[in-house]
Amino acid sequence: MICNAHSYNYKSENTLNFNCYMSKFIIFDVDNVIIDTINAAPFAESALGIALSEQLGSESGDRVRSDFKSNYENLTKQAKADAGVLHEDFQTLKGRIENWQAGVLCEGWELKLWSRETLLAIALEKNGIPVTKTLIDAALDPYWAALTKESKNRSDVAEALEGHRKAGVAIHLATASDGFLDFNEREQTFVYNPQNAVRRKMNRMTILRELDFEEHDVSVGDPIGKPDARFFTRVLQDFETKLGRKIDLSQTLAVGDNLSDDVLPLLELGVARGAWLVSENGMGGPELLEGNPSVGIVNSLLKLENIPWIDG
């Protein structure tokens, strides 16, 4: 028997309540669900600004930093947009990303929208500054170092994970690509090495070890990332390979802060339930809940502990 889910209010503190279910598998998103990168971002931006000022002088460095930040905010605004809405400034930025990633696309890889290397190249180009591999690395190495150092695990995650593990719930992580690219200076284009991108993403998430996660617990969105169904098919395969057994999708919960990219694709593959972790920085609008009664809203990972998801 399948329980009827309640109607959901976006502002509700905890509307996820499936009162006859106990889940045995959970797939978590990572950034801003397990690891808090939002509060680390200002430190990374500051490190980038300092590096750019050292390389270009304070005035030029500040202009480039500001344009880099504007590019990133452009992507974030689009990610938070209602379904079907395409902002004009995003479309313009996407075209510039495509131009700089001609080497990536030529090799048949998907566009890496969130590539910080590309966003920086666009900012440098706008300010008439030649784009070189040395400059890209000199500016972004401190950025990534600061983001890695200042990222912390969410305050509610350790207690939540402990409860699930004690209950025998199997856990896997599915994280998006950070879009790490290399710059071919001679061709003036970015190129992509999936293995290198995965390695760098894992290095950026070393704080997961504090929660007893190892590399085999994490599926990274390289070369194919969210929300592509092929990525999530691999996530399920990775989970099963790790466990050495099949996953019962009817006893599985998907948890993420981006409803359209983290949760709904897994439901489309047969995962029974979804939990949307909302915050002021959450992505995906409440209108996406329409027609998705298997998705509930929580504002803390500790709320999951009280949910009898799936019985059996």
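A few points about this structure:
- Three-way shape call for the chain based on the alpha-carbon gyration tensor, with the a/c threshold at 1.5: prolate
- Amide H contacts under 5 Å for Leu253: Phe25, Ile26, Ile27, restricted to partners 5 or more places along the chain or on a different chain, H placed in the peptide plane at 1.01 Å from N.
- Ranking Leu124, Ala146, Leu93 by Cα position along the charge dipole of the chain, where only Lys, Arg, Asp and Glu carry charges on their C-beta atoms, puts Ala146 farthest toward the positive end.
- Estimated at 0.36 nm per residue, the fully extended path between Asn196 and Asp82 surpasses their Cα-Cα distance by 37.7 nm.
- A simple charge model with +1 on the Cβ of Lys and Arg, -1 on the Cβ of Asp and Glu and nothing else charged puts the dipole of the chain at about 380 debye relative to its Cα centre.
- Three-way shape call for segment 41-150 based on the alpha-carbon gyration tensor, with the a/c threshold at 1.5: prolate
- Amide N of segment 140-172 lying under 19 Å from the label point, which is placed 7 angstrom from the Cα of Leu269 along Cα→Cβ: 170-172
- Summed residue charge, Cβ within 11 Å of Arg154's Cβ, Lys/Arg positive, Asp/Glu negative: -4
- Cβ-based exposure ranking for Tyr192, Tyr72, in which fewest neighbours within 10 Å come first: Tyr72, Tyr192
- Choice from Lys226, Lys242, Lys80 with maximal GNM fluctuation in the chain (Cα, 10 Å cutoff): Lys242
- Residue of His172, His216, His164 that the Gaussian network model of the chain assigns the largest fluctuation, springs spanning Cα pairs under 10 Å: His216
- Set Lys133/Lys201; Lys69/Lys242; Lys94/Lys246; Lys80/Lys246 screened for pairs whose C-alpha atoms are more than 30 Å apart: Lys69/Lys242; Lys94/Lys246; Lys80/Lys246
- Projected label points at Arg165 and Leu243, each 7 Å from Cα along the beta carbon direction, are separated by 1.7 nanometres.
- Sorting Ile38, Ile97, Ile50 from the fewest to the most surrounding beta carbons within 10 angstrom yields Ile38, Ile50, Ile97.
- Potential extension, Arg186-Asn153 segment - 0.36 nm per residue separation minus Cα distance: 7.9 nm
- Residue-averaged 222 nm ellipticity for the chain, from DSSP H runs of 4+ at -39500 (n - 2.57), nearest 500: -12500 deg cm²/dmol
- Take every DSSP beta bridge whose two residues both sit in the chain; close to 25 percent of them are antiparallel.
- Charged side chains reduced to their Cβ positions (Lys and Arg at +1, Asp and Glu at -1) give segment 31-149 a dipole of some 40 debye around its Cα centre.
Bear in mind these aren't lab numbers, they're just calculated from the coordinates by the rules spelled out. Given the structure is predicted, the values throughout are model-derived calculations rather than measurements. Cβ atoms come from the backbone with ideal geometry, glycine included; neighbour counts cover every protein chain shown.
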